[in-house]
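Student: I am attaching a structure below and will ask some questions about it afterwards.
The values are calculated or read from the model by the stated rules, or taken from the named source; none is laboratory data. Because the structure is a prediction, the values reported are computed rather than measured. We place every Cβ from the backbone using ideal geometry, glycine too, and count neighbours over all the protein chains shown.
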Amino acid sequence: MKEKLEALLREGTARIEAAKSEAELQEIKGSLLGKQGSITELLKEIPKLDVALRPEMGKAVNNVKNLLSEQIEGRREALKLKASEIPQDFDCTVPGFEPKIGGLHPITQMCYDLNDAFRSMGFEVFSGPEITSEYYAFDNLNFPPNHPARESMDTYWLEGHDTGAANDKLCLRPHLTGDSVRYMQTHKPPYRFVYPGRVYRNETTDARHERAFFQYEALIVDKDFTYTAGKVMIKSILSKVFGQDVPVRMRAGFFPFVEPGFEIDMGCLVCGGKGCSVCKHVGWIEIMPGGTPHPNVLRAAGLDPDEYTGFYVNIGLDRLVMMRYGVDDVRLFHSTDLRFLKQFH
Amino acid sequence: MKLSLNWIKDYVKLPDDMDLSRLAYDLTMSTVEVEGAENLAERFDKILVGEICEVLPHPNADKLRVCKVDVGMDEIKDIVCGGSNLEVGMKVVVACPGAMVRWHGEGEPVEIKNAKLRGVASFGMICASVEVGLADLFPADDHEIMDLSAFDIPAGTPLADALDLNDIILEIDNKSMTNRPDLWGHYGIARELAALYDLPLVEFTPYVPETTNTYDVRIKDIDRCPRYIGAKIEGLGVKPSPFAMQSRIWRVGMRPINALVDVTNYVMLATGQPTHVFDSNHIINHIEVRRAEEGEKLQLLNDKELTLSNDDLVIADAEGAVALAGVMGGAKDSVLPETDSVILEVANFESKGVRRTALRYDNRTEASSRYEKAVDPERCDQALSMAMQLFSELYPEMKVTAFKDLYEKKLERAEIDVEFEWLDRRLGKRIPQEIVAKKLGTMGYEVTFTETGMHIVVPTWRSTGDVSIKADIMEEVARMYGYENFEATTITTSFDGAINQLSVDLVRKIKEYLAFRCNMQEIFTYPWMSDEFVHALMPNTDGILALATPPSPTEKYVRSSLLPNICKAIAKNERNFPEFDIFEEAQIFYDGDYTENYAGEKLPAQKKHLGCAFVGSPDKVAELFRNAKGVIGAMPRYTHMEGFTFEKLEKPYWADETVWLNIMLNGKKIGDLALLSKKSALACGIKVLSAVLVELDMDALVPFKSRTNRFTHVPEFPRNDYDLSFLVDAMTKWSDIYALLTEKKNELLRDVQFVDEYRGKQIPEGKKSITIRLVIGSDEKTLTGEEIEAVAKSAVKKLQKNLEAEFRMA
């Protein structure tokens, strides 16, 4: 009987170890410990034994019974943890699903980046109407009465509104600067605001010229503001947007609404200022005009130019985005071509 | 504009060791953008003067010769050449191995190498003038090589030295000096450099006429012609100008013509003041500056035949117009081969008039581009002085036989007072008075210092609109002192509250919601619409604004809706994508609802709109519609604004007969959501896909001041989903089913949800199968099966009774 018991334990253990599923394990349990199971059958034989042997054998059988029980439960746990219904030929190198994802226009993205940068410096965001009078497009901004920019070859005048005095003539705004006067006329100084938007020029288009393009203007107006503080402002913004220290230089430039006016260059980030094809080998890239608001502009806004001064910058958003991504044709921005637009996430 | 550094040095003595890159940098920082600087001599590297010693036939080619040429080296070189004018003793241009030449003057420059030509070794080549880029200075026939025999130069001399071409040519960005009429000549730039480097500037000696004869000059419009100097000069003749003069004219990009014309161009390039010569034999009686008669004819020097407008200013004689003032001379009076006496014109014309005329006839010239910048009338003196000087040098026999300087509208010099206190404050530092005096003085300003400031009289050449206020003076001082010599100052700030702009934020939230939560792509389109799309989507063009000079004849309408351009984008993209969702946020306009501000400005209605398109296969219209409705319906919740409702009040013109909704906010219609009708889609050229469009007035949206969602408790007892499927009449609306089941409040029926609807095979005609979900639960206890069934049964009964719903028994 002892040998029989040992054989049962050996076989049982082997079967339990080999069990591949819980169902199989359940079957094994039944065949060993069930009502007609081999162990149960052995227990039934104990009363038939010699009285002296009974306690010892009883104990031995019970031991085996408990041992097998434990093994079955242990195996059951192990099977649960290892459980996998997946066939082994599953191919993990198959590519993942592309998430279906929309996106903001790359110019909107840049605009928001700049908004965040300027807002962190306490600037408000403002926007004005895209159809404006000649008064706000030119007169307020110190453009002389016969300035070439006013002519129809440069500006989109509206049919039926293209003659007459300043307030009668309407056009698609040729630049954003007129909106700065709108803001100043309706707010109290000191001012610190940006006013991004789209502007329109009647011109022939090519890879570098568009009829509709985006500008981003910022204006700060306060008492005692030197133009060098303007340089600090530009440097801070560009460094934040590009995520690295950006060298900035300001050189002589002329725009009717500023005096003095500047062309503002940033150090070429492609070559680090050493000179490359992107910066035409000068190490600097012309990025925006800027300068101190012309006294006539401040007067138009109702301010005393002896008391107040400030600083304008006008960032060409398209240009900045082109630089960010290496886009080589400005017309792509209005192309509505999703094969282009879906690249900027 | 191109400038010769040698020429500039005529007027300001720059140090010989002047660092060129420094000069270019300083000019760029302070005055104008220098785009490039070329050492002219580098073009002629390894190009030497040679002398032909012998011309031998080529053994293998009839048209080629083998020349023995002395190029100043140890041995005489053999050079194979096909030139038709080769002669012994001729001085020629030899491009040695390594030199760059342009074959027959065409294509990119190529490097000369030692080579065999038809079996004979040749040391470089003997060049024609086109091959070394000198055709303008040495005009020649096709097969002629360039002949330098007239020059007294030994063989072996580098060509650049022989022709005095050791010069630096600066390329200035014209855009950077449109406001500086004084800089459009070498003298003007010399003046800037003098001020930059504190160097003396050469002055011109004014011309004093010897003749007492008056030339008959009449000005009929002194506003358009403030000054006119006419001088009759005799004893001239047509001949080439000296090589040095030709060379300078050529270096800066013009072509030498003959001595008479070259003098006028030379003077213009030097001073920026255009001048002109008429053949005096062709000028009848007198010179008159007047407006053209409407329809008056004039044939220009370039043979353009013009029919003039009354806005044009012309130079005329007793018979008619002879020149378009400030733009170009006429063909009739120009310098002819037999010209021996001229009328020299040195005049001042008003800028805008010249610009209008030049543009009207698409005939901009070197002269007009200078006049349109507003040249000052006093510069005529400089130009006259220089022209007379040059004529007398070139024609020692010449005589001025009549002269008139008619200057009736004098230029007023601007006068400006600047207080030191103001200047210091704006500059952020005090600049020593002697530096200010010196810089301004060199630039021609007359400065009188007072105790607290200075009184400045602006030079004439800066008084034509360029400098007029004290900020201009500040700029002059700062740029000459050097913008880079001011220390950066920090920006001070006063804290007066955080930026809080709800409407600005709302627009961004909506765009980010659409892009990032709803997976839509933002697009930009132009504000003008193509006619075909306007007609496809709108009943008429009433109230739509239009451009006076549109980008194209079929794009004159300014958008009154975003949808035409969105449809254009759909038509464009359906070729590449089977489905896509796009949106655009932009302003729309219409001719109405004008608003007037306090300055009297009246602007037409301009509103910020949102346009969306949900585009996909026509068999998925229901899905597109539900996507669109879901995106728009959930937008208020995610972007924190007052919520919308949908109603059917007014079908948009472009919408399908059945699938359309109006978007409502507080009882007002603020937009539409609808399927683009088949008719409109086809008119838009959308051939394959279906589109559900949305347009929404964003200005009507009302942002919440802060987030307003409230917390609700998680239910303590289970909620049970109970799905019901039944058949109803196909016209039955979900909204009717929902209303029916929720009109009477039932504490245990928490929600009724739409799951699905189906029409098709197993469903009888005129019916549809619909599946809804009842959400059943109590806040007090876990419901028993019987309690749940009771709620469901009551719903079933209602549906059977009111909507004749047929339930398929399980």
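Student: Is it the case that A:THR226 is more than 29 Å from the chain's Cα centre (by Cα) and more than 8 Å from chain B (Cβ to nearest Cβ)?
Tutor: Numbers: more than 29 Å from the chain's Cα centre (by Cα): yes; more than 8 Å from chain B (Cβ to nearest Cβ): no.
No.
Student: Still on this structure: Exactly one of these conditions fails for B:GLU393: (1) surrounded by fewer than 16 Cβ atoms within 10 Å (Cβ to Cβ); (2) out of contact with any Gly (no Cβ under 6 Å at 6 or more places or on another chain); (3) at pLDDT below 95. Give me its number.
Tutor: All conditions are met except number (3).
Student: Do any helices (runs of 4 or more DSSP H) entirely within region B:396-483 hold 3 or more residues that are within 13 Å of another protein chain (Cβ to nearest Cβ), more than 31 Å from the chain's Cα centre (by Cα) and touching a residue at least 40 places away in the same chain (Cβ under 8 Å), and if so, which?
Tutor: Numbers: elements: B:420-427, B:433-442, B:470-481.
Hits in region B:396-483: B:420-427.
Student: When only residues in region B:472-501 that are at pLDDT below 90 and of a type in the set (A, V, I, L, M) count, which is surrounded by the fewest Cβ atoms within 10 Å (Cβ to Cβ)?
Tutor: B:ALA498
Student: Select from region B:541-562 the residues that are of a type in the set (A, V, I, L, M) and part of a loop (DSSP other than H, G, I, E, B) and write down the one among them that is farthest from the other protein chains (Cβ to nearest Cβ). It would help to see each step written out before you state the result.
Tutor: We begin by selecting, within region B:541-562, every residue of a type in the set (A, V, I, L, M); these are B:544-548, B:558, B:562.
Checking the rest, the ones that are also part of a loop (DSSP other than H, G, I, E, B) come to B:544-545, B:548, B:562.
Values: B:ILE544: 10, B:LEU545: 6, B:ALA548: 4, B:LEU562: 12 Å.
Step by step, filter region B:541-562, then rank; the result is B:LEU562.
Student: Going residue by residue through region B:550-570, is there one that turns out to be touching a helix residue (DSSP H, G or I) at 6+ places or on another chain (Cβ under 9 Å), farther than 22 Å from A:GLU159 by Cα and surrounded by fewer than 22 Cβ atoms within 10 Å (Cβ to Cβ)?
Tutor: yes
Student: Within region B:701-733, which residues are among the hydrophobic types (A, V, I, L, M, F, W, C) and touching a residue at least 24 places away in the same chain (Cβ under 8 Å)? Step through it out loud before you land on a result.
Tutor: Start the filter on region B:701-733 by keeping residues that are among the hydrophobic types (A, V, I, L, M, F, W, C), which leaves B:701-702, B:704, B:711, B:714, B:717, B:724, B:726-728, B:730-731.
Answer for region B:701-733, where residues must be among the hydrophobic types (A, V, I, L, M, F, W, C) and touching a residue at least 24 places away in the same chain (Cβ under 8 Å): B:LEU701, B:VAL702, B:PHE704, B:PHE717, B:LEU724, B:PHE726, B:LEU727, B:VAL728, B:ALA730.
Student: Those residues that are over 25 Å from B:LEU40 (Cβ atoms) and aromatic (Phe, Trp, Tyr), I need them from region B:167-217; list them, please. Break it down into steps so the answer makes sense when it comes.
Tutor: Taking region B:167-217 first, the residues over 25 Å from B:LEU40 (Cβ atoms) are B:178-182, B:195, B:198, B:200, B:203-217.
Those that are over 25 Å from B:LEU40 (Cβ atoms) and aromatic (Phe, Trp, Tyr): B:PHE204, B:TYR207, B:TYR215.
Student: Next up: So if I check each of B:LEU427, B:LEU423, B:LEU506, which one is surrounded by 15 or more Cβ atoms within 10 Å (Cβ to Cβ), over 29 Å from B:LEU201 (Cβ atoms) and of a type in the set (A, V, I, L, M, F, W, C)? Please lay out each step first, then the result.
Tutor: Numbers: B:LEU427 fails: over 29 Å from B:LEU201 (Cβ atoms); B:LEU423 fails: over 29 Å from B:LEU201 (Cβ atoms).
Only one candidate passes the filter, namely B:LEU506.
Student: Just give me the residues in region B:687-697 being under 17 Å from B:PHE583 (Cβ atoms) and touching a Ser or Thr at 6+ places or on another chain (Cβ under 9 Å), in sequence order.
Tutor: Going through region B:687-697, the residues under 17 Å from B:PHE583 (Cβ atoms) turn out to be B:689, B:691-697.
Of everything in region B:687-697, those that are under 17 Å from B:PHE583 (Cβ atoms) and touching a Ser or Thr at 6+ places or on another chain (Cβ under 9 Å) turn out to be B:LEU689, B:GLU695.
Student: Within region A:5-43, count every residue that is basic (Lys, Arg), surrounded by 11 or more Cβ atoms within 10 Å (Cβ to Cβ) and without any contact (Cβ under 8 Å) to a residue 40 or more places away in the chain. So that I can check it myself, show each step before the final result.
Tutor: First, the residues of region A:5-43 that are basic (Lys, Arg): A:10, A:15, A:20, A:29, A:35.
In the following step, the residues that additionally are surrounded by 11 or more Cβ atoms within 10 Å (Cβ to Cβ) were identified as A:15, A:29.
Adding the requirement that they be without any contact (Cβ under 8 Å) to a residue 40 or more places away in the chain leaves A:15.
Count: 1.
For (1) at pLDDT 90 or above; (2) within 13 Å of another protein chain (Cβ to nearest Cβ); (3) not in a loop (DSSP other than H, G, I, E, B), each residue gets a yes or a no:
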site	(1), (2), (3)
A:GLY230	no, yes, yes
A:LYS240	no, no, yes
A:ASP245	no, no, no
A:CYS271	no, no, no
A:CYS279	no, yes, no
A:VAL282	no, yes, no
A:ILE287	no, no, yes
A:ASN296	no, yes, yes
A:PHE311	yes, yes, yes
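Student: What is the residue count in region A:180-213 for residues that are under 16 Å from A:TYR156 (Cα atoms) and within 12 Å of chain B (Cβ to nearest Cβ)? Working first, answer last.
Tutor: Looking only at region A:180-213, we keep the residues that are under 16 Å from A:TYR156 (Cα atoms), and these are A:198-205, A:209-213.
Checking the rest, the ones that are also within 12 Å of chain B (Cβ to nearest Cβ) come to A:198-205, A:210-213.
Selection size over region A:180-213: 12.
Student: In addition: Scan region A:95-133 for residues that are within 16 Å of B:MET520 (Cβ to Cβ), facing another protein chain (nearest Cβ under 7 Å) and modelled with pLDDT of 90 or more and jot them down.
Tutor: A:GLY102, A:GLY103, A:LEU104, A:HIS105, A:THR108, listed by residue number.
Quick grid of which residues meet (1) within 14 Å of chain A (Cβ to nearest Cβ); (2) in contact with a helix residue (DSSP H, G or I) (Cβ under 9 Å, 6 or more places away or on another chain); (3) at pLDDT 95 or above:
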residue: B:LYS602; (1), (2), (3): yes, no, no
residue: B:CYS612; (1), (2), (3): yes, yes, yes
residue: B:ASP619; (1), (2), (3): no, no, no
residue: B:THR639; (1), (2), (3): no, yes, no
residue: B:PHE644; (1), (2), (3): no, yes, no
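Student: Quick check: anything in region B:166-179 of a type in the set (A, V, I, L, M) and exposed (fewer than 15 other Cβ atoms within 10 Å of the Cβ)? Step through it out loud before you land on a result.
Tutor: At the first step, the residues of region B:166-179 found to be of a type in the set (A, V, I, L, M) are B:168-170, B:172, B:177.
Adding the requirement that they be exposed (fewer than 15 other Cβ atoms within 10 Å of the Cβ) leaves none.
Checking region B:166-179: not a single residue is of a type in the set (A, V, I, L, M) and exposed (fewer than 15 other Cβ atoms within 10 Å of the Cβ).
Student: From the list B:GLY36, B:GLY50, which residue is modelled with pLDDT of 90 or more and small (Gly, Ala, Ser)? Step through it out loud before you land on a result.
Tutor: Values: B:GLY36 fails: modelled with pLDDT of 90 or more.
Being modelled with pLDDT of 90 or more and small (Gly, Ala, Ser) holds for just one of B:GLY36, B:GLY50, which is B:GLY50.
Student: A follow-up question, please. Looking at region B:213-240, which of its residues are more than 25 Å from B:GLU350 (Cα to Cα) and either out of contact with any Pro (no Cβ under 6 Å at 6 or more places or on another chain) or outside the structural domain of B:TYR371 (by TED's automatic domain parsing) (or both)? Even if it seems obvious, please write down each step before you answer.
Tutor: Of all residues in region B:213-240, those more than 25 Å from B:GLU350 (Cα to Cα) come to B:213, B:233-240.
Answer for region B:213-240, where residues must be more than 25 Å from B:GLU350 (Cα to Cα) and either out of contact with any Pro (no Cβ under 6 Å at 6 or more places or on another chain) or outside the structural domain of B:TYR371 (by TED's automatic domain parsing) (or both): B:ASN213, B:ILE233, B:GLU234, B:GLY235, B:LEU236, B:GLY237, B:LYS239, B:PRO240.
Student: For region B:754-771, give me the residue count where each residue is under 15 Å from B:ALA805 (Cβ atoms), in contact (Cβ under 8 Å) with a residue 24 or more places away in the chain and in contact with a Ser or Thr (Cβ under 8 Å, 6 or more places away or on another chain).
Tutor: 6
Student: Identify all residues within region B:484-504 that are within 9 Å of chain A (Cβ to nearest Cβ), in contact (Cβ under 8 Å) with a residue 60 or more places away in the chain and assigned to a helix (DSSP H, G or I); write none if there are none.
Tutor: The answer is B:GLU484, and nothing else.
Student: Right, B:ARG224: out of contact with any Ser or Thr (no Cβ under 6 Å at 6 or more places or on another chain), farther than 30 Å from B:LEU137 by Cβ, part of a strand (DSSP E or B) and touching a residue at least 12 places away in the same chain (Cβ under 8 Å) or not?
Tutor: Values: out of contact with any Ser or Thr (no Cβ under 6 Å at 6 or more places or on another chain): yes; farther than 30 Å from B:LEU137 by Cβ: yes; part of a strand (DSSP E or B): no; touching a residue at least 12 places away in the same chain (Cβ under 8 Å): yes.
Considered against the rule, which asks whether it is out of contact with any Ser or Thr (no Cβ under 6 Å at 6 or more places or on another chain), farther than 30 Å from B:LEU137 by Cβ, part of a strand (DSSP E or B) and touching a residue at least 12 places away in the same chain (Cβ under 8 Å), B:ARG224 comes out as no.
Student: Restricting attention to region B:89-144, which residues are of a type in the set (A, V, I, L, M, F, W, C), closer than 20 Å to B:GLY156 by Cα and touching a Pro at 6+ places or on another chain (Cβ under 8 Å)?
Tutor: Of everything in region B:89-144, those that are of a type in the set (A, V, I, L, M, F, W, C), closer than 20 Å to B:GLY156 by Cα and touching a Pro at 6+ places or on another chain (Cβ under 8 Å) turn out to be B:MET100, B:VAL101, B:ILE112, B:PHE123.
Student: Here are some residues: B:ILE670, B:ILE663. Which one is over 39 Å from the mean Cα position of the chain (by Cα) and closer than 18 Å to B:LEU514 by Cβ?
Tutor: Working: B:ILE670 fails: over 39 Å from the mean Cα position of the chain (by Cα).
Selected residue: B:ILE663, the only one of B:ILE670, B:ILE663 that is over 39 Å from the mean Cα position of the chain (by Cα) and closer than 18 Å to B:LEU514 by Cβ.
Student: What's the number of the condition B:LYS68 fails, among (1) at pLDDT 90 or above; (2) crowded, with 20+ Cβ neighbours inside 10 Å?
Tutor: (2)
Student: Those residues that are within 8 Å of chain B (Cβ to nearest Cβ) and either closer than 20 Å to B:THR595 by Cα or in contact with a Phe, Trp or Tyr (Cβ under 6 Å, 6 or more places away or on another chain) (or both), I need them from region A:134-159; list them, please.
Tutor: Scanning region A:134-159 gives A:TYR135, A:TYR136, A:TYR156, A:TRP157, A:LEU158, A:GLU159.
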